[in-house]
Amino acid sequence: MELRKLLAERIRAAREKIGLTQNQLAEMAGFSSAQIISQIEKAERDIKAWELFNLARALKTDVAEILSEGAPVPVAQVLWRKTPKQNRQLLESDFLQRCQEYALVEKLCSVKIDAELPTIQEDLSAIKFSDAERLGKQTRDVLKLGNRPASCLSDMLENKFGIKIWYFNMGEEGSAASTKGAFGMGVLINADEAPWRRNYSFAHELFHLLTWETMASNDITKGQLSEHIEKLADIFASNLLLPDKEINNTLKARVQDNKIEYADLIEIAREFGVSTRALLWRLKNLHYIKTEDVQRIDDSPDLKQLDHNIRMGTWNRPPDIPERFVGLAFMAYKNGKLSRAKLAELLKTSLLDLPDFLLQYGLDDSKDYKTAVHTSGR
């Protein structure tokens, strides 16, 4: 196929896939008008090298993919916990591109993943809620998450199993998503959520990653999983993060005359890294409180205010770019595998601001980091 026509088709398809108008693409790629995009997509105009680079970046893809004459690589599916009402395609494309970039820096640094994430082979259509409880407990034991799983879950998923974790500012538009592709597995978390809600989202998305191969096509509608599977994931997450034995022991130390103070409930939830609501429902399932009491307590203005006051100092936002990703990209750059310009591009900063950006992550661009340590060779 003639190159101009190939580029026209690929650029138009990529633009439509992420839901951009010609005006939006022109602005994002630095063109003076949408008419230029129209001419390119009609194969009426040649594309300069710098224009192609800018277009690829705006379209969340790479130049090699646009120039490839073979069939386009199938796009990995992104499954949402709460589907965004706006900019969904753009968020998904950005997420998938970042996962691909993560895999790239791992490859450049010859990173080998310590272990493969175990899978759940059970038929999801036949799984009951009691099965989800069992699977949550089993997974906690298999992964050796300890008595406070929330404190180490995300680090273990990222560092031991190589799951690409990204945080996007999504406001109230989205909660979390997961994906699996040639780059491995990825999890997208809403950076605007509270830390304890992010912990729950990690556990929820872990269920989907563990059962990815057993999900049937009828379980998914427009990127949204069935209500039954989402409920299974919630039950799995609750049992993973809130071990019954540990909850029992912690509760016994705080209950007096069969009563427990609001402050104690909030403190237990904070200790286990979950929301107070999640703890309340777990206590209901463990038969400590009744269903009607869960709703009454959760709706209490006094509880909400006290919860806010106690947790106000523990609200921390994740870094815009994961520390592990920054470290790997920097290592690849120092070893001559990445140019300085590519490093800045991957870190979403300018060449001028790159040194200061790296210092925020404890990395000094002026040092060579090549001092070696001798080992015994065993």
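Every number here is computed from the coordinates shown, using simple stated rules; none is lab data. Being a predicted model, the structure only gives us computed values, none of them experimental. Cβ atoms come from the backbone with ideal geometry, glycine included; neighbour counts cover every protein chain shown.
Mean sequence separation of contacting Cα pairs (under 8 Å, at least six apart), scaled by the length of the range 78-241, corresponds to a relative contact order of 36 percent. A DSSP coil position with no more than 14 other Cβ atoms inside 10 Å describes the following GluC sites (Glu not before Pro) in the range 128-187: Glu172.
The modelled label-to-label distance between Ser110 and Gln39, using points 7 Å beyond Cα along the C-beta direction, is 4.9 nm.
For the range 3-67, what is Rg from Cα atoms divided by 2.2 N^0.38 Å, rounded to two decimals?
Values: Rg = 10.1 Å, N = 65, 2.2 N^0.38 = 10.7 Å.
Here the Cα radius of gyration is 0.94 times the empirical estimate.
In loop segments of the range 15-58 as defined by DSSP, the GluC sites (Glu not before Pro) with at most 14 further C-beta atoms inside 10 Å of their C-beta are Glu44. Using 0.36 nm per residue and subtracting the Cα-Cα separation, the extra length available between Asn335 and Glu122 on full extension is 72.2 nm. Given a 10 angstrom Cα cut-off, can you work out which residue in Gly327, Gly181, Gly336 is the most mobile in a GNM of the chain? Fluctuation is largest for Gly336.
So for the chain, averaging the separation of alpha carbon pairs under 8 Å that are six or more residues apart and normalising by length, what relative contact order in percent results?
On the way: 424 pairs, mean separation 59.0, N = 378.
Rounded, it is 16 percent for the chain.
For Lys5, a cut-off of 25 angstrom between C-alpha atoms picks up these lysines, skipping any fewer than 8 places away in its own chain: Lys17, Lys42, Lys48, Lys60. Charging the Cβ of each Asp and Glu at -1 and of each Lys and Arg at +1, and nothing else, the dipole of the range 43-115 about its Cα centre rounds to 460 debye.
Can you work out the FRET efficiency for the pair Glu292 and Trp315, with r the C-beta to C-beta distance and R0 = 41 Å, to the nearest 0.05? Mind showing how you got there, number by number?
Values: r = 30 Å, r/R0 = 0.74.
Using R0 = 41 Å, I get an efficiency of 0.85.
Spatial offset of the range 295-353 relative to the range 71-119 amounts to 17 Å, using the alpha carbon center of each.
Could you tell me what % of all Cα pairs in the range 265-378 have separations over 22 Å?
Details: 3714 of 6441 pairs.
Summing the P(r) tail past 22 Å for the range 265-378 gives 58 percent.
Entry for the range 78-241 at q = 0.08, 0.14 Å⁻¹: log10 I(q)/I(0) = -0.22, -0.69, Debye formula applied to identical alpha-carbon scatterers, no solvent contribution. Cut-off under 27 Å on the C-alpha distance; same-chain residues fewer than 8 positions from Lys137 excluded. Which lysines are left, in chain and number order? Of all the lysines, those that pass the test against Lys137 - Cα under 27 Å, at least 8 places apart if same chain - are Lys82, Lys128, Lys160, Lys164, Lys180, Lys231, Lys245, Lys252, Lys284, Lys290. Excluding same-chain neighbours fewer than eight residues apart, the aspartates and glutamates reachable from Lys112 by a Cα-Cα span under 14 Å are Glu158. Taking the Cα centre of the range 244-314 as origin and assigning +1 to Lys and Arg Cβ atoms and -1 to Asp and Glu Cβ atoms, the resulting dipole is close to 160 debye. The packing ranking of peptides 271-284, 81-94, highest mean first, is 271-284, 81-94, where packing means the average number of other beta carbon atoms within 10 angstrom of each residue.
Taking amide H as placed 1.01 Å from N in the peptide plane, the amide H of Leu225 sits under 5 Å from that of Trp80, each at least 5 places away or on another chain. Shown is the FRET efficiency for Asp368 and Val75, computed with R0 = 41 Å from the Cβ-Cβ distance and rounded to the nearest 0.05: 0.55. Convex hull of alpha carbon positions in the range 244-314: directionally averaged projected area 4.5 nm². Among DSSP bridges having both ends in the chain, what percentage is antiparallel? Round to the nearest 5. Around 65 percent of the beta bridges assigned by DSSP in the chain are antiparallel ones.
In what order do Tyr102, Tyr361 fall by count of nearby beta-carbon atoms within 10 Å, going from fewest to most? Intermediate values should be presented prior to the final figure.
Values: Tyr102 25, Tyr361 15.
Listing Tyr102, Tyr361 from fewest to most nearby Cβ atoms yields Tyr361, Tyr102.
The value for the chain of Rg(Cα) / (2.2 N^0.38 Å) is 1.14.
Using only Cα positions of the range 130-171, each an equal point scatterer, no hydration layer, compute I(q)/I(0) via Debye at q = 0.22, 0.27 Å⁻¹ and quote the log10 values to two decimals. The computed values of log10 I(q)/I(0) come out as -0.81, -0.95. In order along the range 41-52, the Karplus-derived 3J(HN,Hα) couplings, from 6.51 cos²θ - 1.76 cosθ + 1.60 at θ = phi - 60°, round to 6, 9, 6, 9, 8, 6, 10, 6, 4, 5, 5, 5 Hz, and Gly and Pro are given as x.
For the range 13-25, backbone phi angles converted through the Karplus equation (6.51, -1.76, 1.60; θ = phi - 60°) give residue-by-residue couplings of 5, 5, 5, 5, 4, 9, x, 9, 7, 4, 4, 5, 5 Hz, Gly and Pro being listed as x.
Going through the range 137-175, which trypsin sites (Lys or Arg not before Pro) have at most 10 other Cβ atoms within 10 Å and a DSSP loop state? Provide the component values of the computation, followed by the final result.
Values: sites: Lys137, Arg140, Lys144, Lys160, Lys164; in loops: Lys144, Lys160.
Filter output for the range 137-175: Lys144.
Each Lys and Arg adds +1 at its Cβ and each Asp and Glu adds -1 at its Cβ; summed about the Cα centre, the range 78-241 shows a dipole of about 200 debye.
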